[in-house]
Amino acid sequence: MSTSYDQQHVEYPSRKRMAWLTVGAALFVAAGFFLMFDDSSAKGSAISSVIGLFSVLFFGLCLCYSLVKMIKKEPSFVVDEHGFVDSSSYTSGGLIAWKDVENIFMYEFMGQKMIGVKLWDEKAFLDRQNGMKRKLMTVNSSMVDATVSIAQNSLTLPLDQLYIMMVERWKRSNERASEGTSEGSSFDLFNNQ
């Protein structure tokens, strides 16, 4: 579900997609527990236990994240004339002003379309993130040269349309800034609803 409020576009998570992600994560957690406690093969039990532990930890976090997203009624993505707020994944970018964006592009990673956002000061942005999130975002930016990556899985608007909307607003913001009529960059998108 998405809505538009006076130059602002608000995306809410797709409940259907989040339900599928939740089920998938729960299955991988169950498989991880099975690998950890399966005693049928003594030779491979140490390796199975380690793989099972990583599966439980990683997909357990995914399960918690998807459950929270299904329960909470907050937007997963908001775009307005000043910038955007990305809350669409664990490694989402949060609040980003258009003036901080160097480039926006589409790319494909492992068969999934993504929107990549490259920031002018990537280091300062990554320094503001917490430990695990910073590490994941650093790995992502080294693989695809995008500071922030936006996937389709928790959005209802097709990614191609969101990309066009973002590029148009980013370009308009650049034009306003070059004319010297740019507004301030502090804004609170969530309080405008």
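The values are calculated or read from the model by the stated rules, or taken from the named source; none is laboratory data. Note that the structure is a prediction, hence the values are computed from the model and not measured. Please note: Cβ atoms are built from the backbone with ideal geometry, for glycine as well, and neighbour counts cover all protein chains shown. Just so you know, the surface numbers come from the protein's heavy atoms only, side chains and all, with ligands and any DNA or RNA stripped out. Shrake-Rupley method; radii C 1.70, N 1.55, O 1.52, S 1.80 Å.
Provide a single number: the residues in the range 114-159 that are at pLDDT 85 or above, open to solvent by 30 Å² or more (accessible area, probe 1.4 Å) and touching a Ser or Thr at 6+ places or on another chain (Cβ under 8 Å). Looking only at that region, the number is 1.
Which of the residues spanning the range 83-95 are open to solvent by 50 Å² or more (accessible area, probe 1.4 Å) and not in a strand (DSSP E or B)?
Answer for the range 83-95, where residues must be open to solvent by 50 Å² or more (accessible area, probe 1.4 Å) and not in a strand (DSSP E or B): just TYR90.
State whether the residues of the range 47-63 include one that is open to solvent by 20 Å² or more (accessible area, probe 1.4 Å), of a type in the set (Ser, Thr, Tyr) and touching a residue at least 60 places away in the same chain (Cβ under 8 Å). Within the range 47-63 (the criterion being open to solvent by 20 Å² or more (accessible area, probe 1.4 Å), of a type in the set (Ser, Thr, Tyr) and touching a residue at least 60 places away in the same chain (Cβ under 8 Å)), the answer is no, since none of the residues qualifies.
Does TRP98 meet the test of being open to solvent by less than 80 Å² (accessible area, probe 1.4 Å), modelled with pLDDT of 80 or more and not β-branched (Val, Ile, Thr)?
Values: open to solvent by less than 80 Å² (accessible area, probe 1.4 Å): yes; modelled with pLDDT of 80 or more: yes; not β-branched (Val, Ile, Thr): yes.
When the stated conditions are applied, TRP98 passes them.
In this entry, LYS69 passes the filter for residues that are surrounded by 12 or more Cβ atoms within 10 Å (Cβ to Cβ), in contact with a Pro (Cβ under 6 Å, 6 or more places away or on another chain) and basic (Lys, Arg). For the range 67-84, give me each residue that is within 14 Å of ILE115 (Cβ to Cβ) and either in contact with a Gly (Cβ under 9 Å, 6 or more places away or on another chain) or free of Cβ contacts under 8 Å to residues at least 40 places away in the same chain (or both). Hit for the range 67-84 is PHE84, nothing else.
Taking strands (runs of 3 or more DSSP E) as the structural unit, those lying wholly within the range 96-162 and holding at least 3 residues that are without any contact (Cβ under 8 Å) to a residue 60 or more places away in the chain and over 27 Å from LYS16 (Cβ atoms) correspond to 101-109.
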